[in-house]
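Have a look at the structure below, then the notes.
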Amino acid sequence: MLFDIYAPARILFGPGSTYRLGEEVAALGKRILLVTGRQSLKQSGNIERITQPLAVAGIETVAFDEVSPEPVTTTVDAGRRRAREESCAVVVGVGGGSVLDVAKAIAGLGHAEGETREYLHGREITTPGLPFVAVPTTAGSGSEVTQSVVLVDPETGKKSSLRNDRWLPRVAVVDPILTMSMPRELTAQTGMDALTHAVEAYTSRWANAYTRSLSREAVRLIVQNFYTAHKLPGRRDARESMLLGSMLAGMALNVARAGAVHALAHPIGTRYGLGHGLVCGILLPYVAEFNLAVVEGEYAELARHAGLVSAGVPEHEAAGRFVHYLRRLTNRLKLPEKLGPLGLIAEDIPNLVEAAMDSSSLAANSRKATRQDLAAILKRSL
Ligand SMILES: [Fe+2]
């Protein structure tokens, strides 16, 4: 067996772990760029949970709150300029996947020359960046434990991912209390992103024993806690399990990569302005049906481990039940089940498929998917 993995250096997990944010950051530098979304941190009442431990530790904070839900490379450029002008030694990102991605890119390109979009298109990164500390406020992207970011090039409108071996956060502070104020719809959408990471990583061509142990447990945690976290937002145990599941899925994803859902979700999300988790959640059952023929054993194992079937159920039936569970899930979370009502039209399918064919996620998908296969998946989702 051969392994080639990148794993997070340090994770502080658990309710109240943000109390320790100040001392963790102070060990890396005294002046930080604090990257957040425009409003959510203030609206949720979480801002004091972040600023207080930083102030107690004597950290000087430069705020950068210009991140929008679909982050563009020019936002990263603005953050890099701010960090440089203000001589920030550390970047701390507090928010959902978009905020963490922007903060990670600001840190990673902290000493680099040129525009961010050049790096999105393949320019080599030759300089080490600034230390980056990630604090997620949603249970979805897993960005706190990955070395990749997804950004939109405003000149082409295209969404691409950018990865670098040195971009794993120095510290991830993962506190479920910060996710408790998420509204229901965001809980549903971000949770679907996490579940998709777990399922795609588990069945990826690049999966190994390390990633499978993480993604299998992530599927169990999410399956067993998703409804509760959605229906009873104040249930701390369910929130904690969802955040743990999302984080473990991110660790698996960072090594095993995703699959056809993610290959299609990026162009669809940008084309129709739809949330990433929402698109993933709608596509997941269609792609799972397509993959079923080659990953029946894996789906059966996930169904058993998550407690969807008992141990004695035959493989074929267990795998079918897993796909059935995914099919019912969007409906039970009150999310749309089709992309047609959200804007997808048949005439757009060839262009969307073409964009998906370039994606590195597609190369990791367990079953080889042709243009015709992807088009058929999208037609079924209309
Ligand atoms: Fe994702």
Quiz prompt | For region 153-164, Karplus couplings with θ = phi - 60° (6.51, -1.76, 1.60), whole Hz, Gly/Pro x | solution = 7, x, 6, 10, x, 8, 9, 9, 9, 10, 10, 8
Practice problem: Could you pull out every one of the lysines with an alpha carbon less than 21 Å from that of Lys379, ignoring same-chain neighbours closer than 8 positions? | Solution: Lys338, Lys368
Exercise. Using amide H atoms built 1.01 Å from N in the peptide plane, name the residues 5+ places from Lys158, or on other chains, whose amide H lies under 5 Å from its own.
Key: Asp153
Quiz prompt | region 90-110 residues near the modelled Thr126 label - backbone nitrogen below 19 Å, point 7 Å along Cα→Cβ | solution = 108-110
Self-check item: Residue-normalised accessible area of the chain, expressed per residue, 1.4 Å probe, Å²
Solution: 40 Å²
Exercise. Among DSSP beta bridges lying fully in the chain, give the percent that are antiparallel, nearest 5.
Key: 20 percent
Quiz item: From the backbone phi of region 269-275, what are the Karplus-calculated ³J(HN,Hα) couplings (6.51 cos²θ - 1.76 cosθ + 1.60, θ = phi - 60°) in whole Hz, Gly and Pro given as x?
Solution: x, 6, 4, 10, x, 9, x
Quiz prompt | Computed magnitude of the charge dipole of region 11-178 (debye, nearest 20; Cβ of K, R +1, Cβ of D, E -1) | solution = 140 debye
Quiz item: Out of Thr51, Thr137, Thr146, any idea which swings most in a Gaussian network model of the chain, alpha carbons joined below 10 Å?
Solution: Thr51
Quiz prompt | Most fluctuating residue given options Ala218, Ala26, Ala318, as computed from a GNM of the chain linking Cα atoms under 10 Å | solution = Ala26
Exercise. Name the lysines eligible as straight-distance cross-link partners of Lys104: C-alpha to C-alpha under 30 Å, and not fewer than 8 places from it in the same chain.
Key: Lys30, Lys42, Lys158, Lys159
Exercise. Could you tell me which of Gly14, Leu308, Ala369 has its Cα farthest along the dipole of the chain towards the positive end, charges placed at Cβ (Lys, Arg +1; Asp, Glu -1), taken about the Cα centre?
Key: Leu308
Self-check item: Accessible surface of region 326-382, 1.4 Å probe, proportion on carbon and sulfur as whole %
Solution: 50 percent
Quiz item: Taking Cα centroids, how far is region 179-209 from region 211-271 in Å?
Solution: 2 Å
Practice problem: Run the accessible area of region 186-238 with a 1.4 Å probe and give the carbon-and-sulfur part as a rounded percent. | Solution: 52 percent
Self-check item: Given charges at Cβ of Lys, Arg, Asp, Glu: the chain dipole, positive-most of Ala355, Phe290, His262
Solution: Phe290
Quiz item: What is the pair-distance distribution P(r) of region 182-380, computed from all Cα-Cα distances in 10 Å bins starting at 0, with each bin given as a whole percent?
Solution: 10, 38, 38, 13, 1
Quiz prompt | In sequence order, calculated HN-Hα J values of region 134-150 (Karplus, 6.51, -1.76, 1.60; Hz; x Gly/Pro) | solution = 10, 10, x, 10, 10, 9, x, 6, x, 4, 5, 10, 10, 9, 10, 9, 10
Quiz item: Once every DSSP H run of n ≥ 4 in the chain is given -39500 (n - 2.57) and the sum is divided by its residues, what mean residue ellipticity at 222 nm do you get, rounded to the nearest 500 deg cm²/dmol?
Solution: -16500 deg cm²/dmol
Practice problem: Any chance you could give the angle, 0 to 90 degrees and rounded to 10, that helix 315-332 forms with the longest Cα principal axis of the chain? | Solution: 60 degrees
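The values are calculated or read from the model by the stated rules, or taken from the named source; none is laboratory data. From a predicted model like this one, the values you see are computed outputs, not experimental measurements. Note that each Cβ is placed from the backbone with ideal geometry, even for glycine, and that neighbours are counted across all protein chains shown. These area figures cover heavy atoms from the full protein model, side chains too; ligands, DNA and RNA do not enter into them. Shrake-Rupley method; radii C 1.70, N 1.55, O 1.52, S 1.80 Å.
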